[in-house]
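Notes follow once the structure below has been shown.
The values are calculated or read from the model by the stated rules, or taken from the named source; none is laboratory data. All figures in this text were calculated on a predicted structure; none of them were measured in a lab. Backbone-built Cβ (ideal geometry, glycine too); neighbour counts: all protein chains shown.
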Amino acid sequence: MSGRFRLPAPRIVATRLGPVACAESGDGPPVLAIHGGMGGCDQSWILAQALFTQPRRIIAVARPGYPGTPLAGARTPERQADRHAALLDALGLQSASVAAISAGGPSAIQFAARHGARCERLILVSAASGAMQTPLPLLSRLRTMTLMARIPGALSFLRRRIMADPAAAAARAANPGLVAALDHPEAGPLLRLFQQGVFTDFKARLPGTRNDIACLAALPPLPLADITAPALVIHGADDFVVPPAHGRHAAASLPQARLVLLPGGGHEVLFTHLDAIRAAMTDFLR
């Protein structure tokens with residue numbers, strides 16, 4: 001795997017609101033990247049690598065409840081947004097562009113609203129923008145993986161199996177586009193990293209994932225109309241995890257937003273439609 005797609009080692013940053021894990025790479029305008037459910041610094045970094053092709057200083061954060069960042073005191077999107085701001089303070093950054101995916105959407109939206117002067121741009125990918133119930137197949141899969149985690153070596157075995165045959169793992173995801181994405185020179189390496197990451201530090205990802213599920217089910221309306229930063233909203237038209245209505249709602253409510261709704265795109269649109277997403281990003285940044 002090329003050096004460009006080598007995950008940087010996370011570190012723990014002491015902030016005024018508690019420790020935050022983040023992984024940093026690159027130089028240039030700063031980007032705060034925010035993962036979704038079952039995520040961590042690794043998935044935040046993958047998101048940023050997929051979106052940005054020009055040099056950037058990537059700050060790939062682990063949200064509260066995910067590996068390296070304690071959940072206590074930051075269960076809500078508002079408190080998580082304040083943790084994001086505290087991280088920028090600790091890193092000596094006045095502002096940054098913010099990119100979030102899936103369940104990371106609410107904390108990014110709250111950051112852009114509560115700390116508006118610090119959010120240069122807002123990019124939402126397959127992101128929740130309001131209350132939603134987690135689909136039953138995902139809850140069932142989470143329960144199965146949680147039970148397997150009790151068996152010594154089971155998740156390590158699954159990780160090795162995926163590394164040996166990523167195409168078979170992609171085929172089981174019920175998204176035909178994922179198998180083709182593995183052959184893409186840019187999407188393929190990132191998708192392989194994503195596949196392996198879920199089985200790494202699995203138990204450390206559970207508190208944040210369970211908190212996300214509970215928060216999303218009871219999420220009050222988000223302050224989208226209060227956000228002044230230019231926004232790009234990217235969503236798959238066939239997303240069954242976070243329905244495309246979330247993307248439409250965000251784009252319609254944000255004062256300065258462009259919606260890119262990708263036909264045939266599921267929740268994994270970041271990998272299956274990478275070229276289209278990067279074209280939209282280039283136009284947005286221009």
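Key figures for this structure:
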{"quantity": "Single condition residue 193 does not satisfy, out of (1) within 22 Å of residue 48 (Cβ to Cβ); (2) modelled with pLDDT of 95 or more", "calculated": "(2)"}
{"quantity": "Members of segment 115-153 found to be more than 20 Å from the chain's Cα centre (by Cα), loosely packed, with under 12 Cβ neighbours inside 10 Å and assigned to a loop (DSSP other than H, G, I, E, B), listed by number", "calculated": "150, 151, 152, 153"}
{"quantity": "Any hit, segment 12-23, residues being assigned to a helix (DSSP H, G or I), closer than 17 Å to residue 190 by Cα and in contact with a helix residue (DSSP H, G or I) (Cβ under 9 Å, 6 or more places away or on another chain)", "calculated": "no"}
{"quantity": "Selection within segment 165-208 - of a type in the set (Gly, Ala, Ser), in contact (Cβ under 8 Å) with a residue 40 or more places away in the chain and closer than 16 Å to residue 268 by Cβ", "calculated": "173, 177, 180, 181, 187, 197"}
{"quantity": "Extreme residue, surrounded by the fewest Cβ atoms within 10 Å (Cβ to Cβ), among residues of segment 21-48 that are among the acidic types (Asp, Glu) and farther than 15 Å from residue 104 by Cβ", "calculated": "27"}
{"quantity": "Some residue of segment 226-242 being out of contact with any strand residue (DSSP E or B) (no Cβ under 7 Å at 6 or more places or on another chain) and part of a helix (DSSP H, G or I)", "calculated": "yes"}
{"quantity": "Inter-residue pairs, beta-carbon under 7 Å, first in a loop (DSSP other than H, G, I, E, B) and in segment 36-48, second surrounded by fewer than 24 Cβ atoms within 10 Å (Cβ to Cβ) and at pLDDT below 95, 6+ apart", "calculated": "38/198; 40/201"}
{"quantity": "Any chance residue 275 is closer than 24 Å to residue 167 by Cα, assigned to a helix (DSSP H, G or I) and not polar (S, T, N, Q)", "calculated": "yes"}
{"quantity": "Qualifying residue in segment 248-257 (condition: modelled with pLDDT of 95 or more and closer than 22 Å to residue 39 by Cβ)", "calculated": "yes"}
{"quantity": "Pair list, Cβ under 6 Å, 6 or more apart: segment 220-247 residue over 30 Å from residue 140 (Cα atoms) and in contact (Cβ under 8 Å) with a residue 24 or more places away in the chain, other residue assigned to a strand (DSSP E or B) and not hydroxyl-bearing (Ser, Thr, Tyr)", "calculated": "229/119; 229/121; 229/122; 230/121; 231/122; 231/257; 232/123; 232/258"}
{"quantity": "Hits in segment 199-230 - residues which are within 19 Å of residue 124 (Cα to Cα) and acidic (Asp, Glu)", "calculated": "212, 226"}
{"quantity": "Unmet criterion (only one of (1) surrounded by 17 or more Cβ atoms within 10 Å (Cβ to Cβ); (2) under 17 Å from residue 107 (Cα atoms); (3) in contact with a Gly (Cβ under 8 Å, 6 or more places away or on another chain); (4) not basic (Lys, Arg)) for residue 235", "calculated": "(2)"}
{"quantity": "Every residue from segment 231-271 that is out of contact with any Asp or Glu (no Cβ under 8 Å at 6 or more places or on another chain), over 23 Å from residue 120 (Cα atoms) and of a type in the set (A, V, I, L, M)", "calculated": "237, 241, 242, 245, 262"}
{"quantity": "Per-region count, segment 159-188, residues assigned to a loop (DSSP other than H, G, I, E, B), modelled with pLDDT of 80 or more and surrounded by fewer than 17 Cβ atoms within 10 Å (Cβ to Cβ)", "calculated": "4"}
{"quantity": "Residue list for segment 50-72, filter: touching a Pro at 6+ places or on another chain (Cβ under 8 Å), charged (D, E, K, R) and in a loop (DSSP other than H, G, I, E, B)", "calculated": "56"}
{"quantity": "Residue within segment 81-89 that is closer than 26 Å to residue 236 by Cα and either within 21 Å of the chain's Cα centre (by Cα) or surrounded by 15 or more Cβ atoms within 10 Å (Cβ to Cβ) (or both) present", "calculated": "yes"}
{"quantity": "Selection count where residues are free of Cβ contacts under 8 Å to residues at least 60 places away in the same chain and surrounded by fewer than 24 Cβ atoms within 10 Å (Cβ to Cβ), scope segment 49-67", "calculated": "3"}
